[in-house]
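The values are calculated or read from the model by the stated rules, or taken from the named source; none is laboratory data. Since the model is a prediction, treat every value here as computed from it, not as a measurement. Cβ: placed from backbone, ideal geometry, glycine included. Neighbour counts: every protein chain shown. Side chains included, ligands, DNA and RNA excluded: accessible areas come from the protein's heavy atoms. Shrake-Rupley method; radii C 1.70, N 1.55, O 1.52, S 1.80 Å.
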Amino acid sequence: MKAIVYTEYGTPDVLQVKEVEKTKHKDDEVLIRIHAAEATKADCEMRSFKFAVKWFWLPLRIAMGLTRPKNLVLGGYFAGKIESTGKDVSNLEKGDEIFGTTKLRMGAYGEYVCLPASYTIVPKPYNLTFEEAAAVPLGGLNALHFLRKANIQNGEQVLINGAGGSIGSFAVQITKAMGAEVAAVDSAAKEEMLRRIGADHFFDYTTEDFTKSGQTYDVIFDMVAQSSYSACIKLLNPKGRYLMGNPRISDMLRSVITSSFTDKMAIFAFAGETAEELLALKEMIEVGKIKPIVDQVYSIDQAADAHRRVETEQRLGIVVISMRSHQSNEMPGHNG
Ligand SMILES: NC(=O)c1ccc[n+]([C@@H]2O[C@H](COP(=O)([O-])OP(=O)(O)OC[C@H]3O[C@@H](n4cnc5c(N)ncnc54)[C@H](OP(=O)(O)O)[C@@H]3O)[C@@H](O)[C@H]2O)c1
């Protein structure tokens with residue numbers, strides 16, 4: 001089978017399409033034919049080994065490979081079809097159109113991947129293409145997980161910092177669906193897209209500092225590693241919640257004090273990315289409450305360009321790599 005592999009850390013040019021051995025599933029696993037995978041910021045960070053949050057550099061380097069990557073195929077979020085199932089699998093069947101996550105196994109940048117059937121793999125929304133569906137799990141699962149923790153009420157004021165990215169673009173839509181008034185923070189190029197998907201207010205972080213606007217919020221959902229913890233806490237209304245998607249260790253420690261000794265809460269978490277949450281997202285997509293915002297779809301041979309697009313930060317939404325162009329001439333379009 002073909003896969004996009006990287007054998008050294010570096011620029012997008014280290015990504016190459018190679019022929020690799022097609023894995024066989026175990027009794028409790030399924031073999032998935034990948035149709036499309038999201039090219040994520042995290043994939044780019046792993047490829048280059050450059051991370052916004054520095055504190056886990058050494059343990060991560062040991063886990064991922066000290067001198068070169070141990071796991072050669074990136075890709076954590078996908079849509080595809082079940083090709084075959086192990087004899088102990090009862091929840092999935094050959095031919096099922098699915099989407100999901102590979103968790104830490106990665107491997108979605110290949111034509112096939114084997115995963116335990118117990119992983120987060122659920123039926124694809126009927127009204128999305130495979131390329132659109134692959135753009136859902138990362139952003140949708142992380143946004144939903146955090147926003148549920150904030151228990152957002154109708155009419156609350158919510159600010160989303162980093163609103164134009166994979167997680168943020170879902171967060172804006174889910175927050176609107178929860179009945180809140182949404183302020184989005186990102187760069188100016190994304191204002192039109194963010195207003196289109198529901199943002200009521202917009203701050204361009206390159207020219208404005210939302211912490212100095214005088215506006216306060218019931219919830220701040222923050223995807224930006226460099227944010228000022230104290231400035232964000234100060235902006236919260238009484239009983240306000242600060243959701244930290246990208247916290248420093250010092251912020252995690254301070255969050256314990258905030259949550260224990262004030263009427264505000266600071267929440268950090270790693271999203272579990274559960275099947276229940278992905279099914280909830282599927283339902284919201286099928287009734288038209290939310291949709292993935294796909295910036296561009298690249299073919300398997302254009303993986304380096306896909307990563308460059310993710311890293312240039314000019315994208316309006318989510319970048320997807322289609323694995324289908326090798327099997328047919330069909331090249332899905334761009335729905336940005
Ligand atoms: N806690 C968890 O479980 C968890 C899980 C997954 C990801 N994460 C983290 O969450 C973060 C967001 O992930 P993502 O996939 O949504 O990333 P993404 O797609 O790269 O989105 C980040 C967005 O933030 C914008 N941005 C950059 N600097 C900003 C600033 N100073 N102020 C406001 N906006 C800014 C970017 O805009 P420009 O493009 O214009 O710079 C981009 O639109 C990542 O750092 C990731 O590591 C956490």
| Quick one: helix 249-261 against the long Cα principal axis of the chain, what's the angle to the nearest 10°, folded into 0 to 90? | 50
| query | Near Tyr126, within a Cβ-to-Cβ distance under 10 Å, what is the net charge of the other residues, with Lys and Arg +1 and Asp and Glu -1? | reply | 0
| said: Can you tally the lysine pairs in the range 19-107 where the Cα-Cα distance is under 24 Å and the two residues are eight or more apart, or on different chains? | reply: 28
| field | Rounded to 10°, Cα long-axis angle of helix 137-150 versus longest principal axis of the chain | value | 30
| Once the other residues with Cβ under 15 Å from the Cβ of Lys54 are scored (Lys, Arg +1; Asp, Glu -1), what is the net sum? | +1
| query | Ignoring ligands, DNA and RNA, what accessible area per residue does the chain give at 1.4 Å, in Å²? | reply | 44
| said: Please compute the alpha carbon radius of gyration of the chain, then divide it by the globular-protein estimate 2.2 N^0.38 Å. Two decimals is fine. | reply: 0.99
| Accessible-area value, Phe170, 1.4 Å probe, nucleic acids and ligands omitted, Å² | 0
| task | Just read off the accessible area of Met323 with the full protein assembly in place, 1.4 Å probe, to the nearest 10 Å². | result | 0
| field | the range 138-268, accessible surface, carbon-and-sulfur percent (1.4 angstrom probe) | value | 54
| message | As a test question: what accessible area, to the nearest 10 Å², does Lys22 have when a 1.4 Å probe is rolled over all protein chains in place? | response | 90
| request: Per residue of the range 15-21, in order, report the coupling 6.51 cos²θ - 1.76 cosθ + 1.60 (Karplus, θ = phi - 60°) as ³J(HN,Hα) in whole Hz, putting x for Gly and Pro. | output: 7, 9, 7, 9, 7, 10, 5
| message | Please report the projected area of the range 138-268's Cα convex hull averaged over all directions, in nm². | response | 7.0
| request: For helix 166-177, report the angle its Cα long axis makes with the longest principal axis of the Cα atoms of the chain; keep it between 0 and 90° and round to the nearest 10°. | output: 60
| request: Grab the other residues whose beta carbon is less than 9 angstrom from that of Ala117, score K and R as +1, D and E as -1, and report the net. | output: -3
